[in-house]
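Please treat every number below as a calculation from the coordinates, not as lab data. For clarity, every value in this text was computed on a predicted model and none was experimentally measured. Every residue, glycine as well, gets a Cβ built from its backbone with ideal geometry; the counts of neighbours run over all protein chains shown.
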Amino acid sequence: MSRNKLYTLLALACTAGYVWLYLNYKGIDDINSSFNVCLIKQVTDIPCPSCGSTRAVEAFLHGDFISTIYWNPFGLILISILIIIPVWLLIDLIRRNDSLHHYYGKAEIFLRKRKIAIIAILIVLANWVWNIEKGL
Amino acid sequence: MDAQKVDMFIMANGKFFESHHVVQIREKLLTLDDTKWVMIQTLQFKDPTTSLIVSLLAGTLGIDRFMIGDTGMGVGKLLTCGGFGIWAVVDWFLIMGATREKNLLKLQMAL
């Protein structure tokens with residue numbers, strides 16, 4: 001993927017993430033409690049591996065770290081992405097650098113290694129089972 | 001390379017590439033020498049139809065993106081419930097093109 005395409009996508013994704021958080025903060029849940037964006041949950045009524053991430057991030061914003069882990073540990077990854085990526089993106093754009101693009105490529109290669117991939121898949125599956133157990 | 005061999009390759013593998021790329025691929029292959037023929041024959045390309053099926057069934061988990069080698073975007077889809085469900089639906093329409101682009105990259109890497 002080219003640098004500019006990646007940066008546009010990341011900027012869009014981060015904006016969408018913050019808008020989503022703001023909407024939830026404003027209480028979109030209260031207006032319509034059945035409001036749900038997860039396709040898997042809509043269709044099968046089973047939560048997906050990342051269901052509960054919004055609640056996790058909200059709990060983090062309220063300083064409730066135990067709830068963050070309880071709702072979804074992946075929330076922590078999302079929080080770090082939402083904090084780090086926009087800053088890194090801005091620094092890269094100001095310096096006309098492509099360090100983020102470079103490390104994105106390296107991260108992709110790292111995740112594609114067999115051992116790492118298997119461990120990552122097992123973690124995702126374990127989290128999925130836990131999500132179903134919790135009945136999110 | 002022999003025009004007959006090139007046309008044979010295009011006939012067998014044309015569906016793995018975007019139609020507007022096929023002409024370029026043909027011209028490029030014609031300029032190559034015959035030693036590359038065996039290597040090109042052994043290349044395995046991803047079928048766009050397969051990735052469409054995977055995208056329809058497990059697109060929300062990002063498995064379609066993982067499959068074609070877009071690991072970063074796959075992780076992105078996985079962590080956000082398929083981009084709040086929107087990206088998953090958008091990818092139903094984009095994934096075939098993305099697979100063909102990846103196939104072109106693979107061919108270019110091999111040449």
Strictly greater than 22 Å: what percent of every Cα pair in the protein assembly as shown meets that? 61
Can you give the calculated 222 nm mean residue ellipticity of chain A, where each DSSP H run of n ≥ 4 adds -39,500 (n - 2.57) and the sum is split over every residue, rounded to the nearest 500 deg cm²/dmol? -25000 deg cm²/dmol
From the phi of every residue in segment A:4-14, what ³J(HN,Hα) in whole Hz does the Karplus formula 6.51 cos²θ - 1.76 cosθ + 1.60 yield, where θ is phi - 60° and glycine or proline is x? 5, 5, 4, 5, 4, 4, 5, 4, 4, 4, 5
Cα gyration tensor of chain A, axes a ≥ b ≥ c as square roots of the eigenvalues: rounded (a/c below 1.5), prolate (a/b > b/c) or oblate? oblate
Most fluctuating of B:Leu61, B:Leu78, B:Leu43 in the GNM of chain B (C-alpha, under 10 Å) is B:Leu43
Segment A:Lys26-A:Arg114, length gained on full extension (0.36 nm per residue, minus Cα span): 27.4 nm
³J(HN,Hα) across segment B:68-78 via Karplus (A = 6.51, B = -1.76, C = 1.60, θ = phi - 60°), whole Hz, x for Gly/Pro? 8, x, 8, 4, x, 5, x, 4, x, 5, 5
If each of B:Arg26 and B:Ala12 carries a label point 7 Å out from its Cα toward its Cβ, how far apart are those two points in nm? 1.8
Applied in sequence order to segment A:46-51, the curve 6.51 cos²θ - 1.76 cosθ + 1.60 (Karplus, θ = phi - 60°) yields integer Hz couplings, x standing for Gly and Pro, of 9, x, 8, x, 10, 5
Can you pull out the trypsin sites (Lys or Arg not before Pro) in segment A:1-90 that DSSP calls coil and that have at most 16 other Cβ atoms within 10 Å? A:Lys26
Can you put A:Thr68, A:Thr8 in order, fewest other beta carbons within 10 Å first? A:Thr8, A:Thr68
Cα-Cα longer than 23 Å, checked against A:Lys113/B:Lys102; A:Lys113/B:Lys15; B:Lys5/B:Lys36; A:Lys41/B:Lys77; A:Lys5/B:Lys106, kept in input order, equals A:Lys113/B:Lys15
Mind jotting down the distance between the C-alpha centroids of segment A:87-121 and segment B:1-71, whole Å? 26
Choice from B:Met96, B:Met39, B:Met73 with maximal GNM fluctuation in chain B (Cα, 10 Å cutoff): B:Met39
Quick shape check on chain B: root eigenvalues a ≥ b ≥ c of the Cα gyration tensor, a/c under 1.5 is rounded, otherwise prolate if a/b tops b/c, else oblate, and it reads prolate
The FRET efficiency for A:Leu61 and A:Glu133, from their Cβ-Cβ distance with R0 = 25 Å and rounded to 0.05, is 0.50
Residue-averaged 222 nm ellipticity for chain B, from DSSP H runs of 4+ at -39500 (n - 2.57), nearest 500: -23000 deg cm²/dmol
